[in-house]
Structure formats: structure tokens, C-alpha cells
Amino acid sequence: MEYIIYCDESVKQGKYFQNFYGGALVSSKDLMLVNASLCEKKKELNILGEVKWNKVSTNYLEKYMQLMDVFFAFVKDNIVKVRIMFTHNYTPPKNLTREQIENGYFLLYYQFIKHAFGLQYCNSTGQPVRLRIYFDKLPDTREKNERFKDYIYGLQHLKPFQKAHIVIDRQDITEVISHNHVILQCTDVILGAMQFRLNDMHKEKPPGQFRRGKKTIAKEKLYKHINRLIRDIHPNFNIGVSTGIADLADKWNQPYRHWNFIPREYYIDQSKVKNK
């Protein structure tokens, strides 16, 4: 068995939430079907370029909704697993070292790969499971990016990963261009939708205006559509908290999950509580 994880991130500081990381996991045996279905739908909808949350507009709204329908059909069938991680500004970390502050982006990304998919519960057969990890282009220096990949490569030597017989080749940890990977593009849309709603960006109005812009309205409609698709999998889903589990294996078994990452040491910032 082999799994591919497509990873994206958005580290913009938000009003209430930030440090958004997202991933979509698919097995190599299903990869061709998922890619072909999504590419065919893009062609049918005459979407010629890259699908991105920032491109959502009134003209593209219906097309993006239809593409999300196809993507979430695979999620509902557990052919694709989606994970979204973020931090809440209400619980900022404390007592961080200078090194932790400087490497915060990669430290959080490492935690996302290590824990978000529940990979330690992915395999009870005793047979090796290969893992390929595709990162959307990493934003730091080549040296830091490669050092980060070395840490990801080292995950296979941790006891939980060894117990699951997970194998990672260093060459299978790579950066990709999202334009060439439609699954990564869909992940970007979902990640963007969650950041948009959790940070109340659906309420924003252009300076000096009394009404919201057309793109903001279109983005809110797409978010609501995605939320309905999620609730078809998880009724009463709450996007701002970690998704509940019945047992630890659900971290792997569930097709769609959110993870509100809370640091080991934190303080409470009351100014970051949303006004009801």
C-alpha cells in the first residue's frame, strides 16, 4: 500500500485564527481515478487555469461549487481524507525560545504531518506502507526547506510509525507546483474557505462602503456550500474546534477532520474572543 499526502498552508495572521495547514491523502491505487475525475470536471466547467480560493468570484462561484461536489464525493466515500489544522489566537503560546519562534512555521507543519492524519493507525497488516508527501512550494530558504524535509523523513523512525510499518523515501518528500496538481488546488479552496469564515472575513466591507463586495459574497456562498458538504459527513460539524473522536483510531478512520492546535504552554488572550 502507498499513500500520497498533498499539503498546503496559509500562515497569514488572522483576527481570531492563524497558522492554517491543510492536507489531502489518497492511496496510489485511487490517485488516477480522483485526478481524472477532477480534471474532467474542470474541463467540463471550462476552468482552464488553476483553481484557487483567491480566484473565487461571482462568475466562478457555480463552477467551484460543482468541483467541490466532485471532490467531496470522494471524501464522503473515504477515498480522499482531508485534514485542516489551525491555531486560535485566544490561546497563544508562551515561554517559546528564540529558535522556536524563528522556526514556528516548520515546527507546526511537522506536527501537522505527524499527527493530523493519525498515520500510526493506518496499517494493521504488518506489511510496509509507503508514504509520499507533496508540499506546495515552501516559502523559506532552500537550506531551511531541506532541513525540514529531513525531519519529515525521520518520522518513520519514531516508534508509532515503526509499529505501523510506515516507510518514507527521502526522494518522495518533495515540493510541487500546485498548478500541476488538482487535488492540491481543491485543498487550497477548502483551506481558504475555513480561514475566511473563522476570521469573520465574510463580514468585511470595502473602505467607505456600506455593503460587502461581490467577491466577499461569492466566497461566503462557497464556504456555506462546502460546510453543507462537510455536514453531510459530520452532522452539526463545528469548524472552529477539533473534530471529536470515539477512539484514537478515528484520527485515521474519519474522512474529514479539523484540529485546533493548542500549545503545551499558553495563556488566555480575552481580546481574541469573537463577539457574538
Cut-off under 12 Å on the C-alpha distance; same-chain residues fewer than 8 positions from LYS52 excluded. Which aspartates and glutamates are left, in chain and number order? ASP8, ASP188
What number, rounded to the nearest 500 deg cm²/dmol, is the helix-based mean residue ellipticity at 222 nm of the chain, given -39500 (n - 2.57) per DSSP H run of at least four residues and division by all its residues? -12000 deg cm²/dmol
Please build a GNM for the chain, connecting alpha carbons under 10 Å apart, and tell me which residue among GLU40, GLU265, GLU220 fluctuates the most. GLU265
Could you go through region 2-9 in sequence order and give the Karplus-derived ³J(HN,Hα) for each residue, using 6.51 cos²θ - 1.76 cosθ + 1.60 with θ = phi - 60°, rounded to whole Hz, and x for Gly and Pro? 9, 10, 10, 10, 9, 10, 9, 8
Net charge of neighbours whose Cβ lies under 12 Å from the Cβ of ASP136, counting Lys and Arg as +1 and Asp and Glu as -1: -3
Amide hydrogen neighbours beyond the local backbone of PHE17, cut-off 5 Å, H modeled: ASN89
Quick one: putting +1 on the C-beta of Lys and Arg, -1 on the C-beta of Asp and Glu, what dipole do you get for the chain around its Cα centre, in Debye to the nearest 20? 980 debye
So which helices of the chain fit the span-like rule, where a helix is a whole DSSP H run, its Cα atoms reach 15 Å or more along the axis, and its mean Kyte-Doolittle is at least 1.0? 182-198
Choose one of ILE177, THR243, GLY14: the residue whose Cα lies farthest towards the positive end of the charge dipole of region 2-267 (beta-carbon charges +1 Lys, Arg; -1 Asp, Glu; about the Cα centre). GLY14
Give the order of ILE84, ILE239 when sorted by the count of other beta carbons within 10 angstrom, beginning with the fewest. ILE239, ILE84
Taking a straight Cα-to-Cα line shorter than 21 Å from LYS251, and setting aside same-chain lysines fewer than 8 residues away, one finds LYS76, LYS81, LYS114, LYS159, LYS163
Among rounded, prolate and oblate, which fits region 2-267 when a ≥ b ≥ c are the square roots of the eigenvalues of its C-alpha gyration tensor, a/c under 1.5 means rounded, and a/b larger than b/c means prolate? oblate
Report for the chain the percent antiparallel among DSSP-assigned beta bridges with both residues inside it, nearest 5. 50 percent
Counting only residues 5 or more places away or on other chains, whose amide H sits under 5 Å from the amide H of ILE166 once H atoms are built in the peptide plane? VAL129
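Each reported figure results from applying straightforward, stated rules to the coordinates on display, with no laboratory input. Since we're looking at a predicted model, the values are computed, not measured. FYI the Cβ positions are ideal-geometry reconstructions off the backbone, even for glycines, and counts take in every protein chain you see.
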